[in-house]
Amino acid sequence: MKVAFVFLNSDLFRHFERVVRTLTDRGHSVDLIVYKDHNNTPNPYGRALATYMSESHTATLHPLIVRRDQWRKLLTLTRELINYSIFYRPGHPSIALKSRWKKYLPPMVWRLVGNPIVARLLGSKLINYWLRTVEKIAPANEEIVQWLKRTNPDVVFASPYITAGSLELEYVKAAKKLGIATVVAVTSWDNLTTKGTFHILPDWVMLWNHPLLEEAVSIHHIPQQQIYITGSPTFDYWFEMSPTEDRSVFCAGVGLNPQKPFVVYLCSSRGMIQGETEFIRELASEITCNPITKDLNILVRPHPLNVLNWNEIESEHIKVWPKNGEFTDTLEARQSYYHTLFYGIAAVGINTSAMIETAIIDKPCLSIIDERYHASQTGMGHFRHLVNGGFLYIEYSYQDTVKRLANILTGNDEKQTNRQKFVREFVRPRGVEKQVSQLMAEAIERIAQQKPL
């Protein structure tokens, strides 16, 4: 069997690396198609993918083919208009994000859709039908069709597929023309409510869990019988990790006093939060004022896609590690991140997937609902998954947050059962002991063999 994996960028590979490795370990062939980032030096394909290719003798790497024919501009326009219109569907939980599409639409078109009447029309079934007619009329990219004929994969697997400018959907379009089985895996828990939508329906859509299935059906109108729930392959390694160095060694390495406890502050991506330094300062000030938490240090974990000037907030009680953020795309990076959460007494953040990782290793996690970040918390559809999971300590002030941390320091943790339940239902709904990457690989094999899932 041969599988063609198509990723919009090299970072996507780390989410599915184990799926790829499982398939090649079983003797299958793999083609990896990735959009090459020439500015990412010295590894234009990213660390995880570069490492894998240096080790693999059965996978082949190809640059993603970009459509450049006469249909490109019209398809780009209609696809982004459809992506924008998805936010006007009744009940969409992240309508505030529609403003993101300003950078994806021509200025004249953006001014036009900014009119409330035009916006409502854009969200209507009639206009949506005509916009989608362009997709139906436009032929598959001939260059990709010919490439698929030469390489002859049994399955084309694409991700993330529903972002703005999803170049990988052209491979699904071409594969469907040739009768090749197609699979799309939505990469993250926020994709269905913060990104665009499906322009071409694949044979199968792989999702983490039932809450995401409900979003796919209600917001994106994906037939439920074409959805397969797998769990999240992204977090597989968290279930297998354990400490590889003592707490004292770790603390010394990041600049913390090993004799004092610390709480981890989990930063969010720039797409969620523009700046968090003042937020961290205010929290630190409140911590030092409480007699129980006055010796509690803060270890700030920057998001790799939201690098700020962290030197301005570092002090005796606040340390930042790693300074420039870091993707968990190598074993060393993952181990460092694991130690950060494992040795902290708890984690605090606004809205980030790191809260899910904190739950997996069974550490308390707190979120401060703050009016400054309303658009990034209660204004976001995916944040409700964390709230509904019942594993977060939701606080509404720094004072209440510090009181909660004081309780945790004294051994009072009321959310442990909820954390474990959340992990079972949200991260590994097919069994907490089952590796999701293996389940996905097995599902791909069955799809290639035209067997039911």
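The numbers here are math on the coordinates, done by the rules we state, and not lab data. Quantities reported herein were computed from a predicted structural model and do not represent experimental measurements. Using ideal geometry, Cβ is built from the backbone for each residue, glycine included, and neighbour counts are taken over all protein chains shown.
Label sites at N388 and M108, each approximated as a point 7 angstrom past Cα along Cα to Cβ, lie 4.3 nm apart.
In plain terms, the chain from K136 to I361 could stretch by 76.4 nm, reckoned as 0.36 nm per residue minus the Cα-Cα distance. Return, ordered by residue number, the residues of the stretch 139-182 whose backbone nitrogen is under 12 Å from a label point located 7 Å along Cα→Cβ of V66. The answer is 167.
Here's the picture: charge each Lys and Arg Cβ at +1 and each Asp and Glu Cβ at -1 in the stretch 143-288, and of W208, I222, L169 the one pushed furthest to the positive end of that dipole is L169. Charge dipole of the stretch 312-403 (Cα centre as origin; +1 on each Lys and Arg Cβ, -1 on each Asp and Glu Cβ, all else neutral): 200 debye, rounded to the nearest 20. Simple rule: put +1 on each Lys or Arg Cβ and -1 on each Asp or Glu Cβ in the stretch 237-427, find the dipole, and look at Q416, F327, S397; the Cα lying farthest toward the positive end is Q416. Placing pseudo-labels 7 Å out from each Cα toward the beta carbon at R26 and Q224 gives an inter-label distance of 2.8 nm.
Taking 0.36 nm per residue of separation and subtracting the Cα-Cα distance, full extension of the segment from T151 to E55 would add 32.4 nm. Between the labelled values (1) 27, 61, 12, 0; (2) 20, 41, 30, 9, 0; (3) 23, 55, 21, 1, the entry that holds P(r) over Cα pairs in 20 Å bins from 0, in percent as derived from this structure is (3).
Classify the stretch 237-427 from the C-alpha gyration tensor, please: rounded if a/c falls under 1.5, else prolate or oblate depending on whether a/b exceeds b/c. The shape class here is rounded.
If R0 is taken as 51 Å, the Cβ-Cβ distance between E442 and E278 corresponds to a FRET efficiency of 0.60.
Compared with the dominant Cα axis of the chain, that is its longest principal axis, helix 13-25 is turned about 70°.
Within a straight-line Cα-Cα reach of under 28 Å, K319 can be paired with the following lysines, leaving aside sequence neighbours fewer than 8 residues apart in one chain: K260, K294, K363, K403, K415.
With 0.36 nm allotted per residue and the present C-alpha distance subtracted, the N324-N311 stretch has 3.6 nm of extension available. Charge dipole of the stretch 237-427 (Cα centre as origin; +1 on each Lys and Arg Cβ, -1 on each Asp and Glu Cβ, all else neutral): 280 debye, rounded to the nearest 20. Summarising the amide proton neighbourhood of N297: residues at separation of 5 or more, or on other chains, whose placed amide H is nearer than 5 Å comprise F262, V263. Only Cα pairs under 8 Å and 6+ residues apart enter the sum, and on that basis the relative contact order of the stretch 72-136 stands at 44 percent.
Computed from backbone phi with θ = phi - 60° and the Karplus coefficients 6.51, -1.76 and 1.60, the 3J(HN,Hα) list for the stretch 438-453 is 5, 4, 5, 4, 5, 5, 4, 4, 5, 5, 5, 8, 6, 9, x, 8 Hz; x is used for glycine and proline. Using just its DSSP H runs of length 4 or more, each adding -39500 (n - 2.57), the chain gives a mean residue ellipticity at 222 nm of -11500 deg cm²/dmol after division by all residues. Neighbour counting of Cβ atoms within 10 Å sorts the residues S56, S376, S285, S242, fewest neighbours leading, into S242, S285, S56, S376. Summing Cβ point charges (Lys, Arg +1; Asp, Glu -1) relative to the Cα centre of the stretch 171-223 gives a dipole of roughly 320 debye.
Hey, which of these cross-link pairs are over 23 Å Cα-Cα: K103/K173; K149/K173; K421/K451? K103/K173; K421/K451, as the Cα separations exceed 23 Å there. Could you give the nm distance between label points at D370 and D246, where each point is 7 Å from its Cα heading toward the beta carbon? Distance between the two pseudo-spin positions: 3.6 nm.
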